[in-house]
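A quick write-up on the structure given underneath.
The values are calculated or read from the model by the stated rules, or taken from the named source; none is laboratory data. For clarity, every value in this text was computed on a predicted model and none was experimentally measured. All Cβ positions, even for glycine, are placed from backbone atoms using ideal geometry, and neighbour counts span all protein chains on display. Remember, those area values only see protein heavy atoms, side chains included, never the ligands or the DNA or RNA. Shrake-Rupley method; radii C 1.70, N 1.55, O 1.52, S 1.80 Å.
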Protein chains: 2
Amino acid sequence: MELRHLRYFITVAEEGHITRAAERLGMQQPPLSQQIRALERELDVQLFRRKPRGVELTDAGTAFLERARSILEEVDRAFATARRTARGEQGRVVVGFTGSAPFHPFVPRVIRAFREMYPLVSLVLEESGSSELVQGLHNEDIDAAFIRSPVADVVGLVVKPLLEEDMLVALPAGHALARETEDRALPLSALANEIFILYKRPGGPGLYDTIITACRGAGFSPRVGQEAPRIISTLNLVAAGLGVSVVPASLRRLQMDGVVYRRLSGSAELKAPLILACRPGENSAAVQRFLDLVQRPAESVASDN
Amino acid sequence: MELRHLRYFITVAEEGHITRAAERLGMQQPPLSQQIRALERELDVQLFRRKPRGVELTDAGTAFLERARSILEEVDRAFATARRTARGEQGRVVVGFTGSAPFHPFVPRVIRAFREMYPLVSLVLEESGSSELVQGLHNEDIDAAFIRSPVADVVGLVVKPLLEEDMLVALPAGHALARETEDRALPLSALANEIFILYKRPGGPGLYDTIITACRGAGFSPRVGQEAPRIISTLNLVAAGLGVSVVPASLRRLQMDGVVYRRLSGSAELKAPLILACRPGENSAAVQRFLDLVQRPAESVASDN
DNA sequence: ACCTATCGATATTTGATAGATATGCCTCGT
DNA sequence: ACGAGGCATATCTATCAAATATCGATAGGT
């Protein structure tokens, strides 16, 4: 059996008339009669009762008609699905991000834009640590990740800097340096005697190294206090008065009681990058759409905090 | 597109290898390659990535594979449905019966047997008055009906007597005739002075006429009291002491408080028939199965009450 | 690094079969 | 009774699926 038989059968059933159906199908009556008979022979079921004026569905024919229609519909749907999947309009994209990434407005903005442009793509979001994200990319558990800094084991991954943002110092509310006018930039060297609460990623260098290096550049070697497993937890420690921290500017959105942010000056190298990591080649079209969308406006949006 | 393309596609997807798939399909590799390409061309979607050793589904191909499989399954189901419907193993049968019919064990027995033999046929049961049932047969609302007596407007319907059963007299519990030993038959003439509560069917002769005729044959003209719209309601009136009634023997199963049944003698013609009515020709196979099943064992079961 | 086996693509031929043409036969309506 | 309408049958044609032969690319062995 072929779909042709179903198409013919449906038309004949709808017309109740082989000759008219043949006309509608753009063919002659005899071959249509033959194909219908061939279908009946294969089914070993009489689908039509031949009447002197036209044909009429048998009960078996009626039952078959329903099914035949739904089969053709499903064929159409299968076509549409394949095409949409090929075009990246349908499918699944798993996006990972570190805890600090979504605070930069770029990330939620681009995710929202993607959902609007490709509503049929199911977008799975996963927050996790940078090393887990990199691992996830290798395992093909995730397709793309927003991370904060170049990672060690990114060999075999594509890493694209999206934007850089300034870093702020986060001070406990009662701190001496927090009393000054907030919007005046603080020289990094002013923090020489502070205890630093830093986010230390287990596997490889992150913002940690960036900060240490910047401090050295400002002429002091920072005293590092407690380390926290996630950026947000460092702020909890700052709020508790255990020290100061240096965090990406977008974290300012996270208004925590007991934490005051101040801009830093004289440390041009103290920037927090936002990086997109993905697997090279072999990405599904939907993933490719996502990557394109993320990178295209990245330049224009750039660092508008 | 034809089902052939789907069959080929699925096999290639499963083998990941065109040459092996061709082998499994009992054909050569080049035509299979061509058909796959033709499918891709029609879809305008690449379904396979050609690798040096075999082929590999693309994401679109994976999405399409699922659908393709379910389409072929649905085709199989459509075939099975058509065949079963043709054989009468699937479909719908609407059976009507008058209120008194199901009390004869033959009716529930045959219905149960049908359900067991043809579990895929949805059997709809409808209790209704004889004239409504006849009307329903004409309107094609019902396919077969168990009725009690030859009906007037059965023209155009097939009417098949299934069995005959004796009739009993139903007496009020306190009645003089009810005091005698119950299992001794009562001559019909003994009821000469009783008031008869009879079921009077609006459209045509029924048991009503049978009873009147039998009484005349026994030498008296019955005094007819209240008439009830359904046989069972006559028994309510009997229980209330408003008179006696004559009902099919199977109604004995309906043990009502205040009603006593006695056999009748000397009235061979006083029989209650059970009749199967249906439309001539043009019945669905499932209905035909039902009619066959009802009539085949009807002779053997006959009148075992 | 080269050579060879593997496997898909391409080119050409063959064959099956869907479809066209011509005609027959049955039924209904006039 | 006759003609028109409509499906079936018979025969022919053309298309397209499949077979055969060959090419080309790649991976893996030596």
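What the table below lists for this structure:
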{"quantity": "Solvent-accessible area, 1.4 Å probe, carbon plus sulfur percent, for chain A", "calculated": "48"}
{"quantity": "By average C-beta atoms within 10 angstrom, highest first, the peptides B:2-11, B:218-227, B:84-93", "calculated": "B:84-93, B:2-11, B:218-227"}
{"quantity": "Assigned charges on the beta-carbon of Lys, Arg, Asp, Glu; chain A dipole about Cα centre (debye)", "calculated": "560"}
{"quantity": "Average accessible surface area per residue within the protein assembly as shown, 1.4 Å rolling probe, Å²", "calculated": "46"}
{"quantity": "For the protein assembly as shown, the fraction of alpha-carbon pairs in successive 10 Å shells from zero, as %", "calculated": "3, 12, 13, 11, 9, 9, 10, 9, 9, 7, 4, 2, 1, 0"}
{"quantity": "Euclidean distance between Cα centres, segment A:115-140 to segment B:2-33, Å", "calculated": "35"}
{"quantity": "Label point distance in nm, residue B:176-residue B:72, each placed 7 Å from Cα along Cα→Cβ", "calculated": "8.6"}
{"quantity": "Pairwise label distance in nanometres, residue B:221 with residue A:288, each label 7 Å out on the Cα-Cβ vector", "calculated": "10.0"}
{"quantity": "Inter-chain shielding of B:39-46 (mean C-beta neighbours from other protein chains, 10 Å cut-off)", "calculated": "3"}
{"quantity": "Rotationally averaged projected area of chain A (alpha carbon convex hull; nm²)", "calculated": "22.7"}
{"quantity": "Per-copy distances of the residue B:31 label point, shortest first, in nm (7 angstrom along Cα→Cβ)", "calculated": "1.9"}
{"quantity": "Partners for residue B:200 among lysines (Cα-Cα distance below 18 Å; same-chain residues under 8 apart left out)", "calculated": "B:271"}
{"quantity": "Buried area at the B-A interface (accessible, heavy atoms, 1.4 Å probe, summed, Å²)", "calculated": "2800"}
{"quantity": "Partner chain coverage, peptide B:71-80 - average Cβ within 10 angstrom", "calculated": "5"}
{"quantity": "Shielding by partners - mean other protein chain Cβ count within 10 Å, residues of B:60-66", "calculated": "6"}
{"quantity": "Theoretical ellipticity at 222 nm over the protein assembly as shown - DSSP helices of four or more residues, -39500 (n - 2.57) apiece, nearest 500", "calculated": "-13000 deg cm²/dmol"}
{"quantity": "Inter-probe distance in nm under a simple model that places probes 7 Å from Cα toward Cβ, at residue A:164 and residue A:189", "calculated": "2.2"}
{"quantity": "Net charge of Cβ neighbours under 15 Å - reference residue A:286; Lys, Arg +1; Asp, Glu -1", "calculated": "0"}
{"quantity": "Between segment A:86-103 and segment B:231-299, the Cα center-to-center distance that results, in Å", "calculated": "73"}
{"quantity": "Calculated FRET value between residue A:80 and residue A:115, using beta carbons and R₀ = 22 Å, to 0.05", "calculated": "0.65"}
{"quantity": "Contour minus Cα-Cα distance for residue B:256 and residue B:236 (0.36 nm per residue)", "calculated": "6.4 nm"}
